[in-house]
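The values are calculated or read from the model by the stated rules, or taken from the named source; none is laboratory data. Every value quoted in this text rests on a predicted model; they were computed, and no experiment measured them. Reconstructed Cβ throughout: ideal geometry from the backbone, glycine too, with neighbour counts over all protein chains shown.
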Amino acid sequence: MIAQQWVNVEDEGALPALLRRLELEVPVESIDELWIFPTRRASGAESTVLVLSAFSGEPGRRRVSAVHFKVMRDRKGRATVEQHLREYATAPADAVPRVVEGVVRRLGDEAAESPRCEPIAGAAERFEALVRELGGGPKPPPAEPGDGSGGTQGGNAPAAGGVALNRRPDRGDS
């Protein structure tokens, strides 16, 4: 079990906020299982890795992806988050644990400790319960079109493959 070390739910670098960022890139309804690796400090930054299996659209098959969050903090402790999402494989559902083991091997030192596995099964309420258990607040309501907020997490969330997209609120893709 991961120790709860995230006290400030407003902290963009805390695990609940990172899960909210993931939610912007991957529909919760597509997530079957989620593996959460303990956050590590490396080179002055915090590194968190999540591995997920997602429904592929083909019965009995899953897509396996990993998202790496690198959180850097300024002198006041404010977080800047880099996010890279990478798809590793599509596999039969019963082979996913072996595929995840391979992803863990490829992650090397990033995955030094065993992850926590959470079954989501495409259920938004399970994902929400996980975020709340880890100290996060309720999911914020979606931004109203044209309010200038650009969504709940800001406008530069990386797409699959780790490329940041500059998203504008008027495009409706945040």
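Determine, yes or no, whether GLY155 is modelled with pLDDT under 95 and of a type outside the set (S, T, N, Q).
Here the answer is yes, as GLY155 does meet what is asked.
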**Study point:** Residue under evaluation VAL51, criteria (1) crowded, with 22+ Cβ neighbours inside 10 Å; (2) in contact with a Gly (Cβ under 6 Å, 6 or more places away or on another chain), criterion not met
**Key:** (2)
Exercise for review: Would you check if there is a residue in region 29-45 being of a type in the set (Gly, Ala, Ser), farther than 19 Å from ASP11 by Cα and touching a helix residue (DSSP H, G or I) at 6+ places or on another chain (Cβ under 6 Å)?
Suggested key: no
Review point. Restricting the first residue to region 1-23 and requiring it to be modelled with pLDDT of 50 or more, which pairs with a second residue that is acidic (Asp, Glu) meet a Cβ separation below 7 Å and a spacing of at least six or different chains?
Key: GLY13/GLU46; ALA17/ASP11
Check your understanding: What are the residues in region 107-131 that are modelled with pLDDT under 95 and farther than 18 Å from VAL96 by Cα, if any?
Key -> GLY108, ASP109, GLU110, ALA112, GLU113
**Study point:** Which numbered condition GLY150 misses (of (1) assigned to a loop (DSSP other than H, G, I, E, B); (2) at pLDDT 95 or above)
**Key:** (2)
Exercise for review: Select, from VAL71, VAL96, the only residue that is in contact with a Lys or Arg (Cβ under 6 Å, 6 or more places away or on another chain) and surrounded by 19 or more Cβ atoms within 10 Å (Cβ to Cβ).
Suggested key: VAL96
Check your understanding: Would you pick out the residues in region 62-98 that are in contact with a strand residue (DSSP E or B) (Cβ under 9 Å, 6 or more places away or on another chain) and farther than 24 Å from SER114 by Cα?
Key -> ARG73, ASP74, ALA79, THR80
Study note, to complete from the structure: Flagged pairs (Cβ under 9 angstrom, 6 or more apart or on separate chains; first in region 89-104, under 11 Å from GLY60 (Cα atoms) and in a helix (DSSP H, G or I); second hydroxyl-bearing (Ser, Thr, Tyr) and at pLDDT 90 or above) are ALA93/SER53; VAL96/SER53
Point to revise | Residues located in region 26-57, provided they are within 20 Å of PRO119 (Cβ to Cβ) and either free of Cβ contacts under 8 Å to residues at least 24 places away in the same chain or part of a helix (DSSP H, G or I) (or both) | key: PRO27, VAL28, GLU29, SER30, GLY57
